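Scroll down for the structure; my scribbles are underneath it.
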Amino acid sequence: MKIACKINGVFKELFGDAGISLQKVLKKEGYISVRDSDDAEGFAGSDTILVNGIPVYANLITLAQVDGKEIVTPESLLRGRRLSVVQQAMIDAGVVQSAYNAPAAALLITELLERIKDPTEVEIKDALSGLFNRATGYKQFFTAVKLAKERMNDPGYTTEIAPEFRDDLRIVGKVKPKVDGAKLVSGQRAFVEDMVEQGSCHLKMLRSPHAHAYITQIDTQDAEELPGVVSVITYKNCPDVYYGSAGQGFPEPSPYDSRMFNQKVRHVGDRVAAVVAETPEIALEAISLIKVEYEVLKPIFTVDQAMAHDAPVVQNGVVEYVVGAPDNLNEYNQSSDSRDGKVIYQFPLHADSHKNIAAGAHGAIGDIDSGFSEADTIIERTYETSQIQCTPLETHISYAKMDNDRVVIHASTQVPWHLRRIVAAALGISENKIHVIKERVGGGYGSKQDILLEDVTAYATFTTGRPVLYHYSREEEFIGNSTRHPMKITVKLGSKRDGKLTAVYMDVRANTGPFGNHCLTVPMNACSKSLPLVLCDNMKFDVTTYYSNIPPTGAYQGYGAPKGSYALMTALGELSAELGLDLLDILEMNRVREGSLLEILRCLGEGREGTPALVKSCGLDGALSIGSEMIDWKKDELSDDPNISVGKGVAIIQQGSGLPGLDHSCADIKMLADGTFMLHSGGADLGTGLDTVSVKFAAEVLCVDMEQVSILSGDTDNTPFDTGAYASSGTFFSGSASKLAAEDLKAKILEAAAVSLEEKVEYLSLQTPGKVVSQSGKEITYWQLAQDTQAGLGMGQLMGYASFTTEDAAFPYGAHFCQVSVNKRTGEIKLDKYYALQDCGTPINPELALGQIYGGSFKSIGHTLYEDMILDDNGTCLTTDLKDYGVPMISELPEDFQAILIPTDDPYGPFGSKSVSEISCNGAAPAIANAIYDAVGVWMRTWPFTPEKVLKALGKI
Amino acid sequence: MISDLIISKSLTELLQHRAELGSRSLFIAGGTEINRLDSPHSDGSFIGLSMENLGLDEIRETEAGITIGAMVTLQQLIDSPVIPDYIKAAAGFAGSRTLRNMATIGGNIASCRDDSYLLPTCIAAKARIHTIDIDRKGEILNEDIPIREYVENFENFSGCCLSEIFIKKQDRFVKTRRYSRTAQRTPDALISFGSDLKEGVLTDVRIAVGSLGCGIKRLPIIEQSVMNRDLQNEEQCLMAVKKVIEPADDITGSSEYKQYLVGITITDLMNEALGGHER
């Protein structure tokens, strides 16, 4: 049908089916900022537009419903290239991070300020109540609205958005606009979906209805014969190559236990067949024509089921080792089933796949038995964590096309180089035949560290020659994406009467699901990021990871640390209750401090031998003292409501800053002909501000403004290698590479200037803005220097390069405090206060760092209280949309939510910095568990802490 | 998705289209239920009958009560100065303002979902609804019925158009409690209690529950027990609830948990309605 309407003030005629969603029509018409995060669930708000002046979800309206109406999209806010007041305020406030629906947020705030000139916090919450934001935790939206409101009256208005740090530096530690902020907030082409060309094919996946089964028959003939179908891929015609989806450094500490398609399906939603077709509709129809017969096997879903002596075997393939094969391997493989394929280890992981053990690790320091025998009090408690979804606003997406004989992959990834390596292996081609372009990432949170759809997309392109798009639905995001591993963690603590720990034992049983990606490192991380928080001579851990038939697991912000922290910090809370001591006193007595040697890390290398690490900076002193004062720790709070009890809780937390000895980042930077700079960083900015970090470092070193430095990052053809953005490596590794590259260029600038000025290098220095000066008073601008070096007779274009690796570790620390009100009658838990105090060394981008802390903390509040991936008895996920799954929105913000930066100066981090993001996920569960106990005297030992569980613990039901 | 959308110029024309197309057609108010993910009407075989521009988007106040057009959005309910607070609160159970801008009172009632934002409250408030239909001779049939009757006989009303909702001006206690982990997650339970208070005695009690996985239910036995003063304490209330309702074990919680919530909430709301008078 044809309809007429006005879009952003211009009359338009739109064509399409009457019932097609307006979002799809607008997108096709070029209004690309009207995105979709929920497949018409009416929840996430990435599709927000105004119809006749009122905000609505474009994917809940059909084309026919807007005939004769006025439509306003986020594109309307931009005037030429000039941002609106609201858009600029959002950038300045630090809320534009992964930014998939930042344009929609800008539209909502604009509408709010037109409706209400001076909105209250309640009115702001109301206006943004239909917008899901996973990255920044909403808090800074209030600042953005305030900035915009004030600037509408006073364009020069400014206020303190975030504290600034390092008076000795011009740019680092200062509030500066994110370098890609304007592009993201205004809804310009930025994400993979924006790069798709007309005429591209669409890939859809037939997924398994069974949790555990062999495919006995698969007939694709009818599907292949359907007009418009280009290709059908199954286990029968895919490459016979085993690999893993984990985007980790090679050789990976994860088994290669899957092909692109397997004869055995191992979870509901596992790949069965891919259809590539001219349109998504044809692909879906073709899927319905594929006939599959299964031999259904008994599934297992829990660690306990996987451990049973007669448990079905999830990965019963032939085991191979690249190095370190045991002597009895042939005998071991006697019981393998060829239909299960292979399990290939790069090196031994203490696995026993025929007993469902994917990996194991064990270690100790001191003498754990004598530690417990010295103890006056011993407690042993078991905690269970649940499967948690990353829920990025931008669901997983991959777009591939051929460029002559090369496959070009537009990816939303955290690991462009691992992606290239894994896809090259899967396709059986060399890496030079693949070009990965990391586009802006609309939320990753760990799940985009795994290669979940790029392999099949690239293969479809490689075999058909056609450009192919594969974009996960929200349901696929739940059933075909990496999630947080469920874990069962037992903590045994021994202590003296005064609370001094004599022994700490942690037994981690992790559920890796159908595949072994991250199966060693996530569970080990539960130990390596929690045990070093306490100083005890006698420590021991056992880690065992089991296969099962739940949907896949993998990396999620915090990795194993949120689970380990929950177990250890809650156990310390239980110990303090047992001893009748204040938890804060116990933490103070036993905690890590500056100068501590973390001996336990000797046993906790990630797939290699670890090394003890010296803590060079630790902000826990400040975090604990300021936090306890903010929350008035010693004061008992009372409620007027007799049904409500109030309690307070605390947890100390840590993370790493990348993986010393494993991670590797490179960068180069060149001087352009006018003396400005082009920086090439291998780092993968996920929206967290890594590109801004890199530009700040280069500008600081080279004595220019940030505007003089442009950046290209995460492009495997055009930027140098980087292991990727995971394990909190961005600022520390990729940032260090950028800083060192700039320092390398600085040396070359001085060398070239010495020639131009006829001075000795040692008498020269850089000076702001962009010039070299000598002690004798001579000077040369970068512009002139560029002319001198690039004019044909000079030394050629000046370029700096750096490759950064290190064995030195920089640990970020934090203390999270909270206050809860628990309704003893209904079990409801209200988060009154949440204070996240974190030491990230020098905060490079203070406003973005705060956003990361708010976002990480709020995600973990979600995991702790609300979110739940629920499977039925057959392993089918029942919570496949955002509403049922229960992600928190702005309405769930703690009443008083504050992130506080506790600066330290780490000697190893660039400009004294450490990581900030992942650690933020580690505090909520234990802090809230401790607070609930303080309020009502019951311990919450399983996630999520629901009202029903509280009522059960209280004996009400 | 719908295959076509017919925009009528009058209610009569709308009903004529309905009579002509029968079950192949759907009334579309805000459209949020029809166009949403997993809608039962997503196969493209239905023709939409738009209810826009038919004068159904008004709220009228008279001495007798308030008449709300079916096309009034949930946000308009909240913004209106004449709508009772308990209806505003129920409209607010849709946690997203953007959704409230689209979803209508008519659509929410006519879809009769287990997790309906408004139905339990409307039942407790003794709201009435106005439906219109057309017979074979082209005669317009108007019907004015209690909303409880509409819900109880929902299948019988599938063909007619819900045009208005009427709420009597009354000094009636109406309150609804919604239990949910988040403002927008599928609720664990929704319990509405309505009653009049005459000389310290609760009369005309209406109790309705939703979001229990077993449809919108009125609890007449418990209503009678309340009016008979048979429920003297929470324990009796919990026992009574267990006898009359069996919620589903589902993603929001166990049946036992939901029965408990219903029981304590009825106890609490009954006490609140009594306002200090003895049970």
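Hey, got the dipole for chain A? About the Cα centre, +1 on K and R Cβ, -1 on D and E Cβ, debye to the nearest 20?
Value, rounded to 20: 740 debye.
Once you list every other residue whose beta carbon is under 9 Å from the beta carbon of A:Pro523, what net charge do they have if Lys and Arg are +1 and Asp and Glu are -1?
+2
How high is the relative contact order of chain A, given as a whole-number percent (alpha carbon pairs under 8 Å, six or more residues apart)?
13 percent
Roughly speaking, what is the stretch gain from B:Leu141 to B:Asp230, that is 0.36 nm per residue apart minus the C-alpha to C-alpha distance, in nm to one decimal?
27.8 nm
With θ set to phi - 60° and the Karplus curve 6.51 cos²θ - 1.76 cosθ + 1.60, what are the ³J(HN,Hα) couplings of region A:795-810 in order, to the nearest whole Hz, using x for Gly and Pro?
Couplings: 7, x, 4, 7, 9, x, 9, 8, 10, 10, 9, 7, 9, 8, 10, 10 Hz.
Using a 10 angstrom cutoff on alpha carbons, build the Gaussian network for chain B and name the most mobile of B:Arg113, B:Arg97, B:Arg136.
It is B:Arg136.
With point charges of +1 on the Cβ of Lys and Arg and -1 on the Cβ of Asp and Glu, referenced to the Cα centre of region A:199-240, which listed residue (A:Pro209, A:Val230, A:Thr220) lies farthest in the positive direction of the dipole?
Result: A:Pro209, furthest along the dipole toward the positive end.
Any idea what the dipole of region B:1-170 comes to, in debye rounded to 20, about its Cα centre with Lys/Arg Cβ at +1 and Asp/Glu Cβ at -1?
280 debye
What angle do you read, to the nearest 10 degrees and between 0 and 90, between the alpha-carbon axis of helix B:11-21 and the longest principal axis of chain B?
Helix B:11-21 sits at roughly 80 degrees to that axis.
Which is farthest toward the positive dipole end of the protein assembly as shown among A:Tyr470, B:Val201, A:Gly923, measuring Cα position about the Cα centre, with Cβ charges +1 (Lys, Arg) and -1 (Asp, Glu)?
B:Val201
Please report the spacing between the Cα centers of region B:201-221 and region A:509-530 in Å, no decimals.
48 Å
Using each residue's phi in region A:465-480, evaluate 6.51 cos²θ - 1.76 cosθ + 1.60 at θ = phi - 60° and report the 3J(HN,Hα) Karplus result to the nearest Hz, with x for Gly and Pro.
x, 9, x, 10, 10, 10, 10, 4, 6, 5, 5, 4, 4, 7, 10, x
How high is the relative contact order of region B:1-147? Use alpha-carbon pairs under 8 Å, at least six apart in sequence, and give a whole percent.
Relative contact order for region B:1-147 comes out at 21 percent.
Most mobile of B:Gly31, B:Gly215, B:Gly22 per a Gaussian network model of chain B (Cα springs, under 10 Å)?
Answer for the Gaussian network model of chain B: B:Gly22.
In the Gaussian network model of chain B, springs joining C-alpha atoms below 10 Å, which of B:Ser163, B:Ser211, B:Ser111 carries the largest mean-square fluctuation?
Evaluated over chain B, the most mobile residue of the options is B:Ser111.
Cα centroids of region A:399-443 and region A:759-802: how far apart, whole angstrom?
Using only Cα atoms, the two centres lie 38 Å from each other.
What is the set of long-range amide H partners of A:Gly480 at a cut-off below 5 Å, with H atoms built 1.01 Å from backbone N?
none
Please order A:Leu184, A:Leu954 by the number of other Cβ within 10 Å, starting at the fewest.
A:Leu954, A:Leu184
I want the local charge near B:Ile28. Using Cβ-Cβ distances under 14 Å, sum +1 for each Lys or Arg and -1 for each Asp or Glu among the other residues.
After counting each charged neighbour, the total is -2.
So, by mean Cβ neighbours within 10 angstrom, what's the order for A:86-97, B:47-58 with the highest one leading?
With the highest mean Cβ count within 10 Å placed first, the list reads A:86-97, B:47-58.
How much length would be gained if the chain were fully extended between A:Ser625 and A:Thr490, taking 0.36 nm per residue of separation minus their Cα-Cα distance, in nm to one decimal?
Once the chain is fully extended between A:Ser625 and A:Thr490, it gains 45.6 nm.
Starting from the amide H of B:Ile28, placed 1.01 Å from N in the peptide plane, find each other amide H under 5 Å away whose residue is 5 or more places distant or on another chain.
Sorted by chain and number, the residues that satisfy this are B:Leu49, B:Ser50, B:Met51.
Shielding of B:251-264 by partners, i.e. mean partner chain Cβ atoms within 10 Å per residue?
Averaged over the peptide's residues, the number is 4.
Per-residue HN-Hα couplings for region B:54-59, Karplus 6.51 cos²θ - 1.76 cosθ + 1.60 at θ = phi - 60°, whole Hz, x for Gly and Pro?
Taking θ as phi minus 60°, the curve returns 10, x, 9, 10, 10, 10 Hz for region B:54-59.
First check a/c for region A:2-77, with a ≥ b ≥ c the square roots of the eigenvalues of its C-alpha gyration tensor; if it is under 1.5, answer rounded, and if not, answer prolate when a/b is larger than b/c or oblate otherwise.
Judged from the Cα gyration tensor, region A:2-77 comes out oblate (a/c at least 1.5, b/c at or above a/b).
Just want to confirm a number: the relative contact order over region B:173-274, from Cα pairs under 8 angstrom separated by 6+ residues, in percent.
The normalised contact order for region B:173-274 reaches 25 percent.
Expressed as cubic angstrom per residue, what is the convex hull volume of the alpha carbon set of region A:665-804?
92 Å³
Residue farthest toward the positive end of the dipole of the protein assembly as shown, with Cβ of Lys/Arg at +1 and Asp/Glu at -1: which of A:Ser657, A:Pro944, B:Ala124?
Working it through, the farthest residue towards the positive pole turns out to be B:Ala124.
Determine the shape class of region B:173-274: with a ≥ b ≥ c the square roots of the Cα gyration tensor eigenvalues, call it rounded for a/c under 1.5, and otherwise prolate if a/b is greater than b/c, oblate otherwise.
In terms of gyration-tensor shape, prolate.
So if each residue of separation counts as 0.36 nm, and I subtract the Cα-Cα distance between A:Asp537 and A:Glu320, what length gain in nm does that give?
Stretched fully, the A:Asp537-A:Glu320 segment lengthens by 74.3 nm.
Cα centroids of region A:640-719 and region A:555-601: how far apart, whole angstrom?
28 Å
So how far apart, in nm, are the two label points at A:Glu160 and A:Gln334 if each is 7 Å from Cα heading toward Cβ?
Result for the modelled spin labels: 7.4 nm.
Around B:Thr104, what is the net charge, scoring Lys/Arg as +1 and Asp/Glu as -1 over all other residues with Cβ under 13 Å from its Cβ?
For residues surrounding B:Thr104, the net value is -4.
From the Cα gyration tensor of region A:802-957, with a ≥ b ≥ c the square roots of its eigenvalues, which class applies: rounded if a/c is under 1.5, or else prolate if a/b is larger than b/c, or else oblate?
prolate
Please list, in chain and number order, the residues 5+ apart from A:Lys342 or on another chain whose amide H is under 5 Å from its amide H, with Hs placed from the backbone.
Distant-sequence amide H within range of A:Lys342: A:Val318.
Here, each number is a calculation from the coordinates, and none is a lab measurement. None of the values given here were measured: they were computed from a predicted structure. Because the Cβ atoms are built from the backbone with ideal geometry, glycine has one as well, and the counts that use them run over all protein chains shown.
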